[in-house]
Ligand SMILES: Nc1ncnc2c1ncn2[C@@H]1O[C@H](COP(=O)(O)OP(=O)(O)OP(=O)(O)O)[C@@H](O)[C@H]1O
Ligand SMILES: [Mg+2]
């Protein structure tokens, strides 16, 4: 098997923040590889280095999606896109005032042959390229399950008016329009309901079947476990585990990293609920206050239990 991408000791520091620290990993050609980890683990920072948005502090990025192996270090975002690496963003980055069709057509810009004078003179080459781009954009939209028809009027719709799940799929369509060998998806299922996530999983599988290697960041563990061939786990910028989904799921270091986060989230939710009930009690009359106070100890009561469990282990 060939690794289409290899991270070697990849490191990114922001001042004192070690966002990514000496990460080694391989993305096998033709695989679906998942990069997971708690919030702030350094996942998006890895994507930003791979796609030329951030310059690594140290390490190397070896890419084999071209005829010859090369290092991506020093390549800008445009050059990376021309090297057939495409991405979607954690926070959707569509052109909201442009139509669905034009948002996909933008994805073809890396393959354009026309020169500015072709556009100005409306040359045959420009007109032909425009026609091919429009036809290809329609085909890509159909591929992601957003086939434009007269009834749905999809291609003329402004992208901003799409439901959230369709916006995410449109971003994938735009990325696919650049004909990538490697597609990076940053939390593609974020904000999707379970039905939309199922459709997305099929699309990711279909994309891989079409010959595109997929590297994805995702918090939806069902999606990660069902569709990934290989999972790499980051925590505090460092790789803490990797392997097949079933192995990684059982890894004590991974469980600890995620449990640590969930404990933290549960504690902050308890604190929020407690302060809200106290605020309500302050405004309300005595019976309400009594009710709020009756709720409060429930949250507090869990703390000694956790301590007791820790102590007993
Ligand atoms: N441009 C930046 N400047 C300073 N610090 C940054 C920058 N980008 C990321 N960081 C920091 O680097 C760390 C890793 O952030 P990153 O966005 O890569 O995490 P993540 O794993 O993608 O998290 P999430 O799941 O929340 O998206 C965090 O501490 C973050 O605050
Ligand atoms: Mg992120």
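Each reported figure results from applying straightforward, stated rules to the coordinates on display, with no laboratory input. Every value quoted in this text rests on a predicted model; they were computed, and no experiment measured them. All Cβ positions, glycine included, derive from the backbone under ideal geometry; neighbour counts span all protein chains shown.
A few remarks follow.
- Averaged over residues, the count of other Cβ atoms within 10 Å places the peptides 52-60, 68-76, 133-141 in the sequence 133-141, 52-60, 68-76, highest first.
- Overall form of the range 98-198 per C-alpha gyration tensor (a/c, 1.5; a/b vs b/c): prolate
- Alpha-carbon centroid distance for the pair the range 121-177 / the range 210-258, whole angstrom: 32 Å
- Whole-number D in µm² s⁻¹ for the range 14-173, Kirkwood Cα-pair radius fed into Stokes-Einstein, 20 °C, 1.002 mPa s: 117 µm²/s
- Shape of the range 69-114 from the C-alpha gyration tensor: oblate (a/c of 1.5 or more and a/b not above b/c, with a ≥ b ≥ c the square roots of its eigenvalues).
- Using the alpha-carbon positions of the range 23-79, Rg (one decimal) and Dmax (whole number) come out as 12.0, 36 Å.
- Working ranking of peptides 98-108, 120-130, 240-250 by packing, defined as the average number of other Cβ atoms within 10 Å per residue, highest first, is 98-108, 240-250, 120-130.
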